[in-house]
Amino acid sequence: MSSQVRIGLAGFGIVGQGLTSILTGSAQWIERRLGRPVAVHAVALRDPHKQRAVPIPDGARVVSNPLELAQDPDIDIVVELMGGLGMAYDLIRLALASGKHVVTANKHLLAERGEELFALAAQKGVGLYYEASVCGGIPIVQTLKESLAGNRILAVTGILNGTSNFILSRMSSKGLTYQAALKKAQKKGYAEADPTLDVEGFDAAHKLVLLIRLAYGHDYPLNKLPVTGITGVTPLDIAYAKEFGCQVKLIGQAKMVDGRIMAGVHPMMLSQSYLLAQVHGAFNAVRVVGDAVGAVMLYGQGAGGLPTGSAVLADIMDLARDGAAPNNTGFPEKMLPPADILPPEEECSRRYFRFNVEDKPGVLAALAQALGDVGISIYQVVQKVDPSAPDSNIVPIVFMTHQAKQRDVEKALENIRAMPFVKAEPVHLRVL
Ligand code: NDP
Ligand code: HSE
């Protein structure tokens, strides 16, 4: 590399501008840390006339085609902050093929096509770094890749999506409905215009697949990951959760069970006493359990221009320190082996069920029998009159169970749905 670290920046939105602000505001500090300055050599802009809160850095060449960055001999590191699966893929592929290091925040692309892109980076001996792609400013990628490298990771559990956590926090603290809380998240700029990736659990799933790769050194196909979003979570279930001393959170979790990886993203109930239950608003947190280190928890801002820019810059600086070969996945193989996945029906966890049923003799006994028939053991039961409809003949009955296998849960639900006194689709949540 030259006396300067020269980056080519594609994407000048929230994260691109956040990165640029740090590069400008902390230029001297960065140079002191690195021994040489980081300069934005070129920026790719779709619309050079668009008004932006942060100016294009002095001296940066503006190009209209991001692919030009990949082949510019004066660029050392291509920084992809456009997002999406189209142009971002073309740019990263071309940059790696041209022997350039790449830094990206694009978890969606790495979750879908990481296997191929990491193999190309390994073949070319260049870096493909992505600290910002998992939980924005939280340094979890480096933590798993380097700091905890000597540990066998027993479990990784996290609140990986700030938008969903904001929505669930508002539903819990202010008693808002899902729709009202979503509107607040959109107003605050947390949720995307189309919030599907956030609220259906897909954004968390992208991040979990990257965490699994880092923690276990295996590729876990995104389409094999069980994912449930938060759109079905109701204020009533959040209120019941509180009665059981719990919060409802969207949790991404991977753990080793009998040598196989059990993983998924689901809304879960967790005890108020857990640190993860105290992560509110748009914040993220990841808890890692290693066999030697025990439990480690990282907490912070999973989104926003400056926090995410901070992670992008850390990758740039890491790659700019000449010497060791790039460490992209944390494992030396060019292609990581496929994960040995625990079949989803074997997944085991405690459960919360809510059944809306006719209030008449034998109903509670029949529900308990249906659970018992498939070997699910009940831990607690609550039947209450709904205060908003005290004279209604339809009442919610809630069960908390001991550990239950997903296969047995599905069998029980199938039988219970067919019971004539069950008046609505049963609700069930996992308990962490
Ligand atoms: P924005 O939508 O704010 O910015 C995207 C930028 O990319 C815009 O400047 C846009 O141009 C440009 N762009 C998009 N497509 C093209 C294209 N085909 N050719 C040229 N330029 C293009 O996105 P963010 O900054 O929020 O996100 C960037 C990446 O960072 C994404 O992968 C996202 O998932 C990830 N990320 C974002 C976080 C956040 O807090 N926002 C947190 C963690 C990760 P134009 O200005 O013309 O629209
Ligand atoms: N949309 C993401 C979230 C931010 O809400 O957490 C980027 O990862």
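Numbers for the structure displayed
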item	result
With all protein chains modelled, accessible area of LEU306 [1.4 Å, Å²]	100 Å²
Cβ-based net charge around GLY264, under 15 Å, with every Lys or Arg adding one and every Asp or Glu removing one	+4
Computed P(r) (all Cα pairs; the chain; 10 Å bins; percent)	4, 20, 28, 23, 13, 7, 4, 1, 0
Contact order normalised by residue count of the chain, Cα under 8 Å, 6+ apart, percent	16 percent
Rounded to the nearest 10 Å², the accessible area of LEU276 at probe 1.4 Å	10 Å²
Kirkwood Rh in Å, taken over all unlike Cα pairs in the range 1-54	12.0 Å
Selection from PRO332, ALA285, LEU306 lying farthest towards where the dipole of the range 275-339 points positive, charges on Cβ	ALA285
Estimated FRET transfer efficiency (GLN369, GLN123; beta-carbon r; R0 51 Å; 0.05)	0.30
Per residue Cα convex hull volume in Å³ - calculated over the range 132-242	125 Å³
Estimated dipole of the range 148-301 in Debye, rounded to 20 [Cβ of Lys and Arg +1, of Asp and Glu -1, Cα centre]	300 debye
Label-to-label distance, nm, for residues given as ALA324 and VAL385 (7 Å Cα→Cβ offset)	6.7 nm
Dipole magnitude (debye, nearest 20) for the chain, charges at Cβ of Lys, Arg, Asp, Glu	780 debye
Linear extension gain, SER271 paired with VAL257, 0.36 nm per residue minus alpha-carbon span	2.8 nm
Rotationally averaged projected area of the range 22-167 (alpha carbon convex hull; nm²)	11.4 nm²
With all protein chains modelled, accessible area of LYS405 [1.4 Å, Å²]	70 Å²
Charge context of TYR89, other residues only, Cβ under 12 angstrom, K/R +1, D/E -1	-2
Percent RCO, i.e. relative contact order, over the range 203-347, from Cα pairs under 8 Å lying at least 6 residues apart	26 percent
Overall Cα dimensions of the range 204-318, principal axis frame, Å, largest first	47, 39, 31
Debye, to nearest 20: dipole size of the range 294-401, +1 on Lys, Arg Cβ, -1 on Asp, Glu Cβ	260 debye
Mean residue ellipticity (222 nm) of the chain, computed from DSSP H runs ≥ 4 via -39,500 (n - 2.57), nearest 500	-10000 deg cm²/dmol
Mean-position separation - Cα centroids, the range 31-94 and the range 344-384, in angstrom	56 Å
Cα-based equivalent ellipsoid of the range 315-432: semi-axis lengths in Å, sorted from largest, via gyration tensor	47, 18, 11
Given the chain, longest segment not containing exposed loop GluC sites (Glu not before Pro) (DSSP; at most 15 other Cβ within 10 Å)	1-191
Positive minus negative residues near GLY372 (Lys, Arg vs Asp, Glu; Cβ under 15 Å)	+1
Folded to 0 to 90 degrees: helix 363-373 orientation relative to the chain principal axis, Cα	60 degrees
Probe 1.4 Å, all protein chains present, accessible-area order of HIS206, HIS41, HIS49, largest first	HIS49, HIS41, HIS206
Mean separation of Cα contacts under 8 Å, 6 or more apart, over the residue count of the range 344-431: relative contact order %	49 percent
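The values are calculated or read from the model by the stated rules, or taken from the named source; none is laboratory data. The model shown is predicted, which means the values in this text are computed figures rather than measured ones. Don't worry about glycine lacking a Cβ; one is built from the backbone with ideal geometry, like all the others, and counts go over all protein chains shown. For accessibility, only protein heavy atoms count, side chains too; no ligands or nucleic acids. Shrake-Rupley method; radii C 1.70, N 1.55, O 1.52, S 1.80 Å.
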